[in-house]
Amino acid sequence: MTENSAAPASPSSPVDPTTTTAWTALASLRDGLEPDLRGWFATDPGRAERLTLQAGDLTVDLSKNLVTDDVLAQLVALARDVDVPRRYAAMLRGDHINVTEDRAVLHTALRRPDGAEPELVVDGQHVDDDVHEVLGRVYEFADKVRSGEWTGVTGKRVETVVNIGIGGSDLGPVMVYEALKPYVQPGLEARFVSNIDPSDVYEKTADLDPETTLFIVASKTFGTLETLTNARLARQWLWDALVANGAISDTDEARTAAVGKHFVAVSTALDKVAAFGIDPANAFGFWDWVGGRYSVDSAIGTSVAIAVGPDAFEEFLAGFHAIDEHVRTTPLDQNVPVLMGLLNVWYTNFLDAHTHAVLPYAQYLHRFPAYLQQLTMESNGKSVRWDGTPVTTETGEVFWGEPGTNGQHAFYQLIHQGTRLIPADFIAVANPARPLADATGDGGAVQPGADVHALFLANFFAQTKALAFGKTADEVRAEGTPRRSSRPACSPGTVRRRRSSPPRSRRPSWDSSSRSTSTSRSSRARSGASTRSTSGASSWARSWRSRSPRRSRATRPRSTLRTRRPRRSSRSTWSCASPDATTPDGEGAVRCSPPRTQPRSRSTA
Ligand SMILES: O=P(O)(O)OC[C@H]1O[C@](O)(CO)[C@@H](O)[C@@H]1O
């Protein structure tokens, strides 16, 4: 993102994206859009290669999105028109882009390597020195816990670290801990308490030995009701259990000593930490320019640093920094995070998508969708711009998701066959941390000794392929599926024959979309989906073109937009791309069957 970035971030008001030339061009491209991924791939053999990009060790395939090259070019132009490069440079520099709190927004500084040049000095603060001073203290403490040098009040080494926090002081650490579980030191475990529902702290402590338990109270403000309440409950549990064990005497001195050995804190408010009874020497600070949702790479990640060790934590920070550098130095049209953000703008503002599925084919990433929910929805959940004026566009989508293959047996039906457009990010890991073979196989498709991770990946590839390309009626018939409809057709929920006419729907009739990517170590898949039989496609395109109120939506004020509700017409849908379909090689995983139910005509006022 090198363009324009040297210029000072001086505008006194934000650029309204809907006033830009690019926005108008995008609206016009949307009006003429006839999504046809099969056709696009058939007529453009270079599409997959051109739209598969590298960021760090991630290989990101954006080719299955519902975009043409013209759309992408205008999205990139939009980023320029609204000053993204200059705003990003201002953020990296430490300008006070958080105007409401008059602060810098500098989480990227948390992962700058020691000795990075040029040194970052913001508001007189030597940011790099401060960051590495705290990291050094966190690592020193982590090493002491891991080696057994740090003990509880009775001299026993720590076996369980319980992080007490909420929001960014919980979701980041728990997501990363779960993701890095294979690297956790044997004999150590981390747990995470966040909910003020007392059952959370009860269940997380019920089977613990107080003599080997260390609590980390993680709170940027140290004023969050849930966290402080849980911290008091944990402190009481510790005292009660140690006294009941006979480990400490029932005196104030003994209790104080126990807190000193079993409680540490992470916060920007060290005075409040001391007031809680935690020795400030056992507290790790950070700074108000770290947003809570970005804080896992600060001292808020202490539970992770203890569990996986300083070396692995350093690698984790280096991964962040690699992506920061990718964003900083890569031209917009090859810049993966920028393009992914722009695709979100396209889907939510021009194609009327409301949600965004994140589907990790990696059990260790099972908390990643929850982490992303805070990261994106707390960031983008705004209806005014930074100068306080109302926004003129949609500002974000609802993020949600579950690991595949669990999601396949739960909600993929709606992604494949339902009536909503749901962009979906598929993530896979190329080299599993815990490969296992199925020694016996199933006597059929799964051979004895089959690599189960390969089977897992077959699901990943089959699902992205099914969502992107579906099947034509001819392909379905060629597989021997009996013809039970006058016009059998099967694509991932996209082939529909209207039973009522004229079309009444105001919204796109494509109903599935995913976005696929893959990587050397991990892969993130975005596959824009929407394949339909020729007749289905053209009838869809006709109804799409006829939706003039819908087409002007992107330039209409928000209040007007909200009064419009889509109406649906009845449809005959062939069930296919069965969400539970799997084959070891990932091919032919799409099964089709006749319609199970005929959705009734329905309108929402
Ligand atoms: O770390 P703290 O100050 O306890 O805040 C916890 C969370 O609460 C919020 O401030 C808002 O609910 C989040 O941004 C933050 O991650």
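The values are calculated or read from the model by the stated rules, or taken from the named source; none is laboratory data. All values reported here derive from a predicted model rather than from experimental measurement. Note: ideal-geometry Cβ built from the backbone for every residue, glycine included; neighbour counts use all protein chains shown. With ligands, DNA and RNA removed, areas are computed over all heavy atoms of the protein, side chains included. Shrake-Rupley method; radii C 1.70, N 1.55, O 1.52, S 1.80 Å.
Does THR405 satisfy being open to solvent by less than 60 Å² (accessible area, probe 1.4 Å) and either within 16 Å of the ligand (Cβ to nearest atom) or without any contact (Cβ under 8 Å) to a residue 60 or more places away in the chain (or both)? Considered against the rule, which asks whether it is open to solvent by less than 60 Å² (accessible area, probe 1.4 Å) and either within 16 Å of the ligand (Cβ to nearest atom) or without any contact (Cβ under 8 Å) to a residue 60 or more places away in the chain (or both), THR405 comes out as no.
Does VAL176 count as buried (at least 16 other Cβ atoms within 10 Å of the Cβ), within 16 Å of the ligand (Cβ to nearest atom) and at pLDDT 95 or above? Judged against the criteria, VAL176 is a match. Exactly one residue out of ARG112, ARG30, ARG80, ARG50 is at pLDDT 95 or above, over 24 Å from ILE422 (Cβ atoms), buried (at least 19 other Cβ atoms within 10 Å of the Cβ) and not hydrophobic (A, V, I, L, M, F, W, C): that is ARG112. When LEU351 is tested against (1) under 26 Å from GLY172 (Cα atoms); (2) buried (at least 20 other Cβ atoms within 10 Å of the Cβ), exactly one condition is not met: (1). Just one of the listed residues (THR229, THR205) is among the β-branched types (Val, Ile, Thr) and within 15 Å of the ligand (Cβ to nearest atom), and it is THR229. For region 390-398, state whether one or more residues are over 22 Å from ILE97 (Cα atoms) and either among the charged types (D, E, K, R) or in contact (Cβ under 8 Å) with a residue 12 or more places away in the chain (or both). Yes: one or more hits. A count restricted to region 190-202 and to residues that are assigned to a helix (DSSP H, G or I) and more than 16 Å from the ligand (Cβ to nearest atom) stands at 3. PRO369 fulfils the conditions (1) out of contact with any strand residue (DSSP E or B) (no Cβ under 6 Å at 6 or more places or on another chain); (2) without any contact (Cβ under 8 Å) to a residue 60 or more places away in the chain; (3) in a helix (DSSP H, G or I) except for a single criterion, (1). Checked against the criterion of being open to solvent by less than 30 Å² (accessible area, probe 1.4 Å) and charged (D, E, K, R), the candidates ASP279, ASP250, ASP200 yield just one match: ASP200. As a summary of the residue check, THR221 satisfies the conditions (1) among the polar types (S, T, N, Q); (2) open to solvent by 60 Å² or more (accessible area, probe 1.4 Å); (3) over 27 Å from the mean Cα position of the chain (by Cα); (4) within 12 Å of the ligand (Cβ to nearest atom) except for the one numbered (3). Going through region 53-77 one residue at a time, which ones are within 20 Å of ASP324 (Cβ to Cβ) and either open to solvent by 40 Å² or more (accessible area, probe 1.4 Å) or in contact with a His (Cβ under 8 Å, 6 or more places away or on another chain) (or both)? Once the filter is applied, which keeps residues that are within 20 Å of ASP324 (Cβ to Cβ) and either open to solvent by 40 Å² or more (accessible area, probe 1.4 Å) or in contact with a His (Cβ under 8 Å, 6 or more places away or on another chain) (or both), region 53-77 yields GLN54, ALA55, GLY56, ASP57, LEU58. What is the number of the single condition among (1) within 16 Å of the ligand (Cβ to nearest atom); (2) surrounded by fewer than 16 Cβ atoms within 10 Å (Cβ to Cβ) that GLY187 does not meet? Checking GLY187 against (1) within 16 Å of the ligand (Cβ to nearest atom); (2) surrounded by fewer than 16 Cβ atoms within 10 Å (Cβ to Cβ), the one that fails is (1). Restricting to region 275-331, name every residue that is hydroxyl-bearing (Ser, Thr, Tyr) and away from the ligand (no atom under 16 Å from the Cβ). Residues satisfying the conditions are THR329, THR330.
Condition check for ASP102 on (1) touching a Lys or Arg at 6+ places or on another chain (Cβ under 9 Å); (2) surrounded by fewer than 15 Cβ atoms within 10 Å (Cβ to Cβ): one failure, at (1). The number of residues in region 398-418 being part of a loop (DSSP other than H, G, I, E, B), more than 30 Å from VAL184 (Cα to Cα) and either in contact with a Phe, Trp or Tyr (Cβ under 7 Å, 6 or more places away or on another chain) or modelled with pLDDT under 95 (or both) comes to 1.
Screening GLU211 against (1) under 21 Å from ALA142 (Cβ atoms); (2) within 16 Å of the ligand (Cβ to nearest atom); (3) open to solvent by 20 Å² or more (accessible area, probe 1.4 Å) leaves a single unmet condition, (2).
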